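**Student:** Quick one: the structure is below, and I'll ask about it shortly.
The values are calculated or read from the model by the stated rules, or taken from the named source; none is laboratory data. Keep in mind it's a predicted model, so treat the numbers as computed, not measured. Heads up, the Cβs are rebuilt from the backbone with ideal geometry, glycines too, and the neighbour counts pull from every protein chain shown.
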Amino acid sequence: MSRLDDALGYELDDDLATVMEFLKEISAPRSFSVLKDADRAEELRETLFRIEDRKALLGKPFERRMVNERLRQDEHLMLMYQQM
């Protein structure tokens, strides 16, 4: 549960607000001149990296149908003795 809190916490709200601010600054004059400032560009880059890192905390989605099919084929019996 703490991973979900880390992924969807208040920091995510701040990061999304930062991205929205950049989008407004870019869309108003319809130019990327805002990103010519190295500090602002680095801030956007770091924000996007943090958002991308949070995606990994949410895990990978799976299809229940595929899992059930693999269970019916007894694939779990082969895998349970493998060491990782």
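**Student:** Any residue in the stretch 55-62 that is surrounded by 11 or more Cβ atoms within 10 Å (Cβ to Cβ) and at pLDDT below 80?
**Tutor:** Yes, because at least one residue in the stretch 55-62 is surrounded by 11 or more Cβ atoms within 10 Å (Cβ to Cβ) and at pLDDT below 80.
**Student:** Scan the stretch 20-32 and tell me whether some residue there is outside any helix (DSSP H, G or I), under 23 Å from the mean Cα position of the chain (by Cα) and among the acidic types (D, E).
**Tutor:** The answer is no, given that none of the residues of the stretch 20-32 is outside any helix (DSSP H, G or I), under 23 Å from the mean Cα position of the chain (by Cα) and among the acidic types (D, E).
**Student:** Further question on the same structure: Testing A38 on (1) under 24 Å from the mean Cα position of the chain (by Cα); (2) loosely packed, with under 10 Cβ neighbours inside 10 Å, one condition comes back false. Which one is that?
**Tutor:** Of (1) under 24 Å from the mean Cα position of the chain (by Cα); (2) loosely packed, with under 10 Cβ neighbours inside 10 Å, only one is false for A38: (1).
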